[in-house]
Amino acid sequence: MKAPDHDEVEITLFGRGVGECLVVHLDGDWIVIDSHQVASQKPRQPVALRYLDELGVTPHKVAALVVTHFHSDHYRGIDRLFDTCSSARLMATEALQTETFEQLYADDQADPLLGMIPNVIRRARKRAMPGGSPGFRALKVGTSVHVNGAGKITALSPSEAAVQESCVALAASLRTTDRYVVDKQLRDDNRCAVVLHVDCKDFSALLTADLVHDSAGFGWSALLGEPLNALTQAADLVKVPHHGSKGADHPEMWTRLITDDPCLTVTPYWPSSLPTAADVSRLRGHGRLWQAAPSSHAYVDEFGNVVSTAPTTGRITARRKPGEAAWRITTDGSAFEVM
Ligand SMILES: [Zn+2]
């Protein structure tokens with residue numbers, strides 16, 4: 001695979017049974033959104049690093065790393081990405097009250113996986129960025145992730161109300177001193193995931209993380225009701241929310257934020273076999289659909305063992321130059337277009 005031309009926008013999605021990562025190219029800059037490690041490689045390497053290396057792109061070209069929410073299928077390997085991409089700013093959802101989170105997990109070896117996030121946030125705060133701005137930025141609606149000559153990446157969520165409510169709920173959980181409750185809340189807060197809009201001037205893309213349809217003030221209803229998002233340009237390339245689940249599907253998302261007949265990309269999620277056949281057929285009703293890997297399933301073998309399908313990694317790359325009428329989409333590994 002050849003690196004994109006300077007003026008060529010690229011949005012590449014990686015995924016397997018569990019795990020999701022997006023790599024975006026905008027006018028010479030690279031942004032990595034969430035992290036996924038390739039299971040078959042030892043030591044495990046973030047897929048974004050392997051891909052950039054294949055393209056001949058040095059890691060210091062990565063301007064930003066985003067953690068959309070705290071599910072391990074979206075952040076595994078983010079510490080390695082942060083250390084290797086030495087010019088990158090780290091960004092994560094503001095809704096999970098990072099300061100309290102940092103205090104709680106500081107020097108904590110009990111949960112090395114979740115503890116990785118506050119540790120890397122602490123390191124990011126110390127990273128000197130050009131102009132003296134901090135190496136960490138919390139994301140909520142309206143925050144710019146990246147701006148350059150070719151366009152702009154902006155957070156459409158979480159809303160101010162979601163940030164406040166989530167902080168209150170997290171603080172209340174902290175008072176119960178039941179770490180399990182806190183861990184669970186951090187891990188399950190899909191309703192406060194960061195949705196990103198990539199505005200490339202004459203076309204755009206919508207990268208929806210795992211945002212779900214939830215009560216008012218959270219999730220898709222909060223995003224759609226947010227005045228700051230009222231003029232968002234409809235996208236014709238969409239990373240489908242939450243592995244294609246029905247619970248993440250909001251009718252107004254399709255009419256307000258997405259054009260007719262868009263290109264859709266989705267990653268499967270192993271533990272719940274997403275996307276299901278019904279999800280795939282619902283999505284196909286909206287546009288063309290590419291899946292990063294087949295939906296996984298578990299079965300019981302003749303000895304009574306529960307066996308799962310192999311976690312293979314696939315790549316879906318969408319590229320487009322200014323003036324081009326449509327995205328050019330190619331696939332590699334286990335990725336395929338759903339016919
Ligand atoms: Zn996920």
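Considering the conditions (1) touching a Leu at 6+ places or on another chain (Cβ under 7 Å); (2) within 25 Å of A48 (Cβ to Cβ), A293 is excluded by exactly one of them, (1). Test A248 against the stated conditions and say whether it is without any contact (Cβ under 8 Å) to a residue 24 or more places away in the chain and of a type in the set (A, V, I, L, M). No, not satisfied.
Applying the criterion of at least 2 residues that are more than 24 Å from E102 (Cα to Cα) and touching a strand residue (DSSP E or B) at 6+ places or on another chain (Cβ under 7 Å) to the strands (runs of 3 or more DSSP E) found wholly in segment 113-212 leaves 144-148, 151-155, 196-199, 204-207. Going by what's in this entry, would D79 be described as at pLDDT 90 or above, surrounded by fewer than 19 Cβ atoms within 10 Å (Cβ to Cβ) and either under 24 Å from V194 (Cα atoms) or touching a helix residue (DSSP H, G or I) at 6+ places or on another chain (Cβ under 6 Å) (or both)? So D79 passes the test. Among residues that are surrounded by 15 or more Cβ atoms within 10 Å (Cβ to Cβ), under 22 Å from the mean Cα position of the chain (by Cα) and within 16 Å of the ligand (Cβ to nearest atom), V145 is not included. A search for C-beta distances below 7 Å between a residue of segment 10-23 that is assigned to a loop (DSSP other than H, G, I, E, B) and surrounded by fewer than 24 Cβ atoms within 10 Å (Cβ to Cβ) and any residue that is hydroxyl-bearing (S, T, Y) and modelled with pLDDT under 95, counting only pairs 6+ apart in sequence or on different chains, returns V18/Y269. One residue stands out in segment 262-292 among those that are in a loop (DSSP other than H, G, I, E, B) and more than 13 Å from the ligand (Cβ to nearest atom): the one that is farthest from V338 (Cα to Cα), namely S273. If we scan segment 11-26, do we find a residue that is more than 16 Å from the ligand (Cβ to nearest atom), among the hydroxyl-bearing types (S, T, Y), under 21 Å from T312 (Cα atoms) and modelled with pLDDT of 95 or more? Within segment 11-26, one or more residues are more than 16 Å from the ligand (Cβ to nearest atom), among the hydroxyl-bearing types (S, T, Y), under 21 Å from T312 (Cα atoms) and modelled with pLDDT of 95 or more.
The values are calculated or read from the model by the stated rules, or taken from the named source; none is laboratory data. Here the structure is a predicted model, which is why all the values come from computation and not from measurement. All Cβ positions, glycine included, derive from the backbone under ideal geometry; neighbour counts span all protein chains shown.
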